[in-house]
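Chemist: Please see the structure below; I have some questions.
Nothing in this text is a laboratory measurement; each read-out follows from the coordinates by a stated rule. From a predicted model like this one, the values you see are computed outputs, not experimental measurements. All Cβ positions, even for glycine, are placed from backbone atoms using ideal geometry, and neighbour counts span all protein chains on display.
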Amino acid sequence: MPVGINQPSGQIKLTNVSLVRMKKGKKRYEIACYKNKVLEWRSGVEKDLDNVLQIPNVFLSVSKGQAAPTQDLAKSFGAKTSLNDIILEILNKGELQVGEKERHAQLERVHNEVIDIVAGKLVDPQTKRVYTTGMIDKALDQLSSQGTNQQGDSKTSPGSSDAAPAANSDEAAESKGKGKELPKWTGVVTTRSAKSQALDAMKALIAHQPIPVARARMRLRITCPTSILKQAVKSAPKSVGETADGEEKAHGTVKDRIISYVEEVEKQDVVGDEWEVVGFVEPGAFKALTEFIGGQTKGRGKAEVLDMAVVHEDD
């Protein structure tokens, strides 16, 4: 009698595998990839497709070894779409299936990246110093807990901007003035980029003020021909979306209006026939400033970013 069990010679046993799934045309397709390589591919670290795929094929079920029929692929992705292009679409847009351990590690990586971005963009509005990542993490954790326990009650929560009048930013004032629901923070997810989640986190921190925070100011160099500086400001363009307050700013000269956007002037000088000012501007005012300069100077003036976020760090 033969010893052992004979296995089909064509059977392929996959180990150390991560699946990427995509539903298209009422069919679910899968590709078999090496663990950790999918994220490296999507982030641009890994560029060799052979290092990502365990088998260069598309499956209906990887675990059963059931390859996707050619006619199904043609119906779902188009008859002219090559197998390689189908694999790339699934790899780039499909849902990555990972184990609990890998999912936790991925969540932690995104979480740390979000905290680092936020900590580099927000400051104490009085001292202009950055907070530690630990303090930012704790403040966001507080907001996340409030969002879970007090759903729909964020407008009157104790952590609103009224609790920190010293840090009453323009963004918080706008949110309250328009009567809109304040931004909420419910925690980090792996399905969105760290940058977009960091923006949401900053909006929530500024709106609720669990600790006094404000966006770090931008440092700009603004240049404009001296022949334009003393000209009266033209009527405010409608596209800028100016309010009544904005229209009041429109009175005076071009120089007066530019200076009104600058919170703190570091230096200003005239070189030849060009005026130059270096100063600090709130990030929320940057777009209106550049639109004003472009409209009033017809492209002859410009605002150059010298530093996206000016902060003071403790030694």
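Chemist: Can you bin every Cα-Cα distance in segment 18-111 into 10 Å intervals starting at zero and give me the percent of pairs per bin, rounded to whole numbers?
Modeler: In order of increasing distance, the bins hold 16, 49, 28, 7, 0 percent.
Chemist: Follow-up question, since we're still on this one. Where does segment 83-129 land on the Kirkwood hydrodynamic radius, alpha-carbon pairs, in angstrom?
Modeler: With all distinct Cα pairs of segment 83-129 included, I get 13.9 Å.
Chemist: Restricting things to alpha carbons, find the Rg to Rh ratio for segment 50-91 using the Kirkwood radius for Rh.
Modeler: 0.96
Chemist: Additional query: Largest first and in whole Å, what are the equivalent-ellipsoid semi-axes of segment 181-234 based on the Cα gyration tensor, each being the root of 5 times an eigenvalue?
Modeler: Ellipsoid semi-axes (Å, largest first): 38, 15, 11.
Chemist: A further question follows. Calculate the translational D of segment 18-64 in whole µm² s⁻¹ from Stokes-Einstein, where the hydrodynamic radius comes from the Kirkwood formula applied to all Cα pairs, the temperature is 37 °C and the viscosity 0.692 mPa s.
Modeler: This corresponds to a translational diffusion coefficient of 294 µm²/s.
Chemist: OK, next. Under a plain spin-label model, where a point goes 7 Å from the Cα along Cα-to-Cβ, how far apart in nm are residue 42 and residue 308?
Modeler: 2.2
Chemist: Now, a different point. Apply 1/(1 + (r/R0)^6) to the Cβ-Cβ distance of residue 51 and residue 79, taking R0 = 25 Å, and write down the FRET efficiency to the nearest 0.05.
Modeler: The pair residue 51/residue 79 has a calculated efficiency of 0.25.
Chemist: Okay, moving on. Considering only the other residues whose Cβ falls under 11 Å of the Cβ of residue 296, what net charge follows from Lys and Arg at +1 and Asp and Glu at -1?
Modeler: Summing Lys and Arg as +1 and Asp and Glu as -1 gives +4.
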